Amino acid sequence: MMNYKQLTMVNYSIAYYAMRIFGIYWLLRQYLEYRRISRWPREIYEPFLSIQKFIFSEYPSPFLYITLLLLCAALLIITWFRQSVLLNLGIFLLMSVINFPIALNFSIGHNNHLIVIGYFMAIFLLPDKMKQEKDYQWVQYFYLGILTTYSLAGLSKFLGIAKNVIKHSGKLTWLDKNAAKINTLDNYWIADVKVPEWIIHLYQYENLWVVMTVFAIIIQASSFLGAFSRKYLTFIMVFLYVFHLYTDIFVLADFRDAKNFVLVALFPYHIFYPWIRKLMKKDFSGQLLA
């Protein structure tokens, strides 16, 4: 039976390899997105950040972009067999650059920030170097770096509500009964898509939506606490996945990669540990803490 420190290290040791598999999947997704955007007029290419303008003053050619994808894929495969801080840094930098042409330009939102942050937090976190029990704290920092993005988003919602309530601005807040419904209608209108009738029907329960919205914001703001409790981390993982499913359907926000990364990075792999140890006839926790 592993204690919290041991299972934290075991979970990350497995997540490290799962992130390599996810990384290959993510690169394929970026290629498909790149192809989709490539059909748009080049004249509307408008990078948002200065660094984007510096690296890609024009939309990259297929040769250049595919080369970056293949190089990143090669590093992901190499780091499966050889753990290296330098190679992890290369993965992070390549993923950042690969993301530039398809985020924060063409009026496209930036929805890969969670993934880029995740690989950044993992640069120095090598399972082979985690030999002491106190090393579990580095895994906590890894979780904290990912979850803080959600906590800040939840906190900003609270601050927005407080500001409008205190100033009596008259603006719509998440405390209003129709806030969630109006948010959905607005996003569907922008996308020029008809809102399904079943969604409209669900929004008839106005008071319930206010309670669920406030509860969701509270949980979102407290996400960072998952870094210090395995049970709460699992709860937050499930909550964030469901939350992203909601935004996918009700707000048309495509966070498919983000919610999949949440599962990969935060999954409680230790529940399979007894089976893995029996199959491999090896006590990984003892090896980690030797």
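The values are calculated or read from the model by the stated rules, or taken from the named source; none is laboratory data. None of the values given here were measured: they were computed from a predicted structure. Here Cβ is always computed from backbone atoms with ideal geometry, including for glycine, and neighbour counts include all displayed protein chains. For the accessible areas, the whole protein counts, side chains as well, though only heavy atoms, and no ligand, DNA or RNA atoms are used. Shrake-Rupley method; radii C 1.70, N 1.55, O 1.52, S 1.80 Å.
A few remarks follow.
- If you plug the beta carbon distance of Leu152 and Trp189 into 1/(1 + (r/R0)^6) with R0 = 35 Å, you get a FRET efficiency near 0.80.
- Reachable lysines, given that their alpha-carbon falls under 23 Å from the alpha-carbon of Lys194 and they are not under 8 places away in the same chain: Lys177, Lys181
- Listed residues Leu266, Leu125, Leu185, most fluctuating in the chain (Gaussian network, C-alpha, under 10 Å): Leu185
- Taking the helices alone, the chain has a mean residue ellipticity at 222 nm of -22000 deg cm²/dmol, built from -39,500 (n - 2.57) per DSSP H run of at least 4 residues and averaged over all its residues.
- Residue-level accessible surface for Phe235, protein heavy atoms, 1.4 Å, Å²: 90
- Semi-axes of the equivalent ellipsoid for segment 145-283, computed as √(5λ) from the eigenvalues of its C-alpha gyration tensor and ordered from largest down, come to 34, 19, 12 Å.
- Of Trp174, Trp138, Trp40, the one that fluctuates the most in a GNM where the chain has Cα springs shorter than 10 Å: Trp40
- Mean separation of Cα contacts under 8 Å (6+ apart) over length of the chain, as relative contact order %: 27
- Most to least accessible of Glu197, Glu206 (protein chains only, probe 1.4 Å): Glu197, Glu206
- Label zone at Leu263, where the point sits 7 Å out along the Cα-to-Cβ direction: segment 216-247 residues whose backbone N lies under 19 Å: 233-247
- Sequence of Arg36, Arg29 from largest to smallest accessible area, 1.4 Å probe: Arg36, Arg29
- Cα centroid separation - segment 1-80 against segment 154-215, whole Å: 33
- Kyte-Doolittle mean at least 0.0 and Cα axial length at least 18 Å: DSSP H helices in the chain: 62-81, 85-99, 136-166, 206-221, 230-250
- Only protein heavy atoms count here; on that basis, with a 1.4 Å probe, Phe158 has an accessible area of about 80 Å².
- Here the accessible area is traced with a 1.4 Å probe on the protein chains. For the chain, carbon and sulfur cover 68 percent of it.
- Extended-chain gain in nm, criterion 0.36 nm per residue less alpha-carbon gap, Val242 and Asp128: 37.7 nm
- Per the Kirkwood formula applied to alpha carbons, the chain shows a radius of gyration over Rh ratio, Rg over Rh, of 1.01.
- Ordered by 1.4 Å accessible area with all protein chains kept, Asp257, Asp248 run largest first as Asp248, Asp257.
- Per residue, the accessible area of segment 127-199 comes to 65 Å² when a 1.4 Å probe rolls over the protein heavy atoms.
- Fraction in percent of alpha-carbon pairs per bin - 10 Å, segment 1-121: 12, 41, 29, 13, 5, 1, 0
- Cross-link table Lys231/Lys259; Lys163/Lys259; Lys5/Lys259, entries beyond 21 Å C-alpha to C-alpha: Lys163/Lys259; Lys5/Lys259
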